[in-house]
1. If a residue has to be assigned to a loop (DSSP other than H, G, I, E, B) and either closer than 23 Å to PHE507 by Cβ or more than 36 Å from the chain's Cα centre (by Cα) (or both) to count, how many in segment 397-433 make the cut?
2. Inside segment 515-531, can you point out the residues that are free of Cβ contacts under 8 Å to residues at least 24 places away in the same chain and of a type in the set (Lys, Arg)?
3. Considering (1) at pLDDT 95 or above; (2) of a type in the set (Phe, Trp, Tyr); (3) open to solvent by 10 Å² or more (accessible area, probe 1.4 Å), say which one PHE486 fails and leave the rest.
4. Do we find a residue being closer than 30 Å to ASN496 by Cα and of a type in the set (D, E, K, R) anywhere in segment 267-290?
5. Would you pick out the residues in segment 449-466 that are buried (at least 24 other Cβ atoms within 10 Å of the Cβ) and part of a helix (DSSP H, G or I)?
6. Could you tell me which residue of segment 159-187 is farthest from ASP540 (Cα to Cα), considering only residues that are without any contact (Cβ under 8 Å) to a residue 60 or more places away in the chain, surrounded by fewer than 18 Cβ atoms within 10 Å (Cβ to Cβ) and more than 12 Å from the chain's Cα centre (by Cα)?
7. Do you know which residues across segment 194-214 are part of a loop (DSSP other than H, G, I, E, B) and surrounded by 20 or more Cβ atoms within 10 Å (Cβ to Cβ)?
Amino acid sequence: MKPSGKEFLYIYENHSNIASEHLDKYILSAKKNNIDVKLLSKLVILRSRDSQEAVKYNILLFIEENITLDINNFSSISKESKRLKEISSHLFKSSEEELINIESYLKEVFLSYEMAYKNEKNELTSYKSALIVIHGLIKSALQIKKLSSTEEKTLIKSLDLISIVFNKAYSDARVKKAADSLYSEFSKGCVFGYDIKNEENESYLKEIDDIYYFISGNIKREILHIFKSFNSWSLKYRSQQLYFSSFILGFIFYTKKNHHVFYSHDMHGIAIGDFIKKSFNSLNESLSSYWIHDFHEYVAGVEFSDETRRSFFVDDEVNCVINIDQSITVSPGLANILENKYNLKPILVYNSNSSIQRDESLRHQSIRVKLNLNNKTPLIIYSGGITKQRRVGLPLTAMVEIQDLIYCIITNDTPEKNKELNDIFIEARSLGVEKRIHLHRYVSSSNAWELMVGATACLSMLPRYENGDIALPNKLFDSLKAGVPFLTSNTPELDNFVNEYHCGTSFLADDANSLTTSLKRIINSSFDIRSSKFKKFSWDYSFRCVIYSINDFLHHDTSSSINKYTQLPDKNINKT
């Protein structure tokens, strides 16, 4: 016979000495039969208020009282941060063995709720949101337990500045440069990243150049049973964001600081940054936070694989921008879009080298030296990913017409693993130019320019599309530091730049003959590309405004740092 709620309470009231593990079974058995277990959970907590077992029932009570949480609405979850902080305080007191035991218990909870709500899909999805949050908090508690040195523990306790990126962070060039700049100025900070490609076995801490990176394990490895239960891309993706957000939140609860600076990156991190800011601010009215978001791309202009994904990320941007305290972006064109669309005034930080000034000592030989080419042999270089959109095969026509032209592609892709690159080599073979194409693997982003020294031109061959039209990519600034002219398709931002600063030329996008004509023009011309001319575009020079704005917040300057430090560029880039 299935027990009713009253029968279940009767069992509890008449068996006050039942062992905790048996209580677990009773509670979950009741839940499977769709009995409301809130009252029972409260009674259990009262009986064992200070025991580790009480943690389980606090978690269960949180799930029961928030059964309508919407995984797509981060705001609704952030309002529960006081309760989550209370749960976290219990988790921090637990041993590693106890935390693992709670994780096992939550798997049983999941199965029980799944049975209880098998015919109520909306409630089931909502319940999973609460459970994912708790799992993220447990993972942060486990990671904190693993901190080995006093220095690491002191760092976490004193965190002022938290960087957030929805990838492994230290492999993202822009994220790493931002971290280097931030933590050379503000020592009490670290970077939180997420193993989006599911490459590691668990969450971990990594130190690179005196910067700590906390990398959350992937939800697919940590709680696959919950991830697999979602049936749409958007729910699966949002579950990962929520898991990562709660992982970060656990560290914030641990610090017990009354102020924080949050620095989030790109379209994948904006909803996470918004959630973290709201969660922290809802803990106490006396707490203060400063949220900086770095717009890496024009989201509405990105070519997504389907409209669902476009809508997902565009909606995130629209819903979250209102809470941003300071925005940053990568080009004048995107800065203008963000101002016109959202009334933001971004700080412009180019995807450039820390310093445009040339170093005398080089870590890498240039491609020209490695290939043993004389100074008269024309050499063009493309550096980056190999996709159809990048049009990497476009110079083959020029190679037929300019018979000594050498083409080097800097990439970690190979013809064996990349179909687009394989197709380029097949076409090159048919044209008889295959032997003049060379591949070179990436070097570190800070040294990429060294490979370009002495080249005839470096290339960008993007077609015309909205996000590409406002791009000023890393390779442009690598080329300038190397003193090499830049040959680009006529995407407006790059076209304006090379013409304004006389540092290259452009050709009609997707037109191989136009590329050939423009390349001949570069071969027969001379360009005065001195790195000193481009100081204003260096990372260190432009990022200083970000430092100023953070210092204003930390020192309680009530005047607007946006107005003081942000100069929105005109549509055409102005010379210094």
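The values are calculated or read from the model by the stated rules, or taken from the named source; none is laboratory data. Model, not experiment: these values are computed from the prediction. Note that we place each Cβ from the backbone using ideal geometry, even for glycine, and neighbour counts take in every protein chain shown. Quick note on the areas: whole protein, heavy atoms, side chains included, nothing else; ligands and nucleic acids left out. Shrake-Rupley method; radii C 1.70, N 1.55, O 1.52, S 1.80 Å.
1. Final tally of qualifying residues: 7.
2. ARG521
3. (3)
4. So far as segment 267-290 goes, no, none of its residues is closer than 30 Å to ASN496 by Cα and of a type in the set (D, E, K, R).
5. Result: TRP449, LEU451, MET452.
6. Looking at residues that are without any contact (Cβ under 8 Å) to a residue 60 or more places away in the chain, surrounded by fewer than 18 Cβ atoms within 10 Å (Cβ to Cβ) and more than 12 Å from the chain's Cα centre (by Cα), I get SER187.
7. ASP195, SER203
For (1) within 24 Å of ASN336 (Cα to Cα); (2) open to solvent by 10 Å² or more (accessible area, probe 1.4 Å), each residue gets a yes or a no:
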position: ILE424; (1), (2): no, no
position: GLU427; (1), (2): no, yes
position: GLY432; (1), (2): no, yes
position: LEU476; (1), (2): yes, no
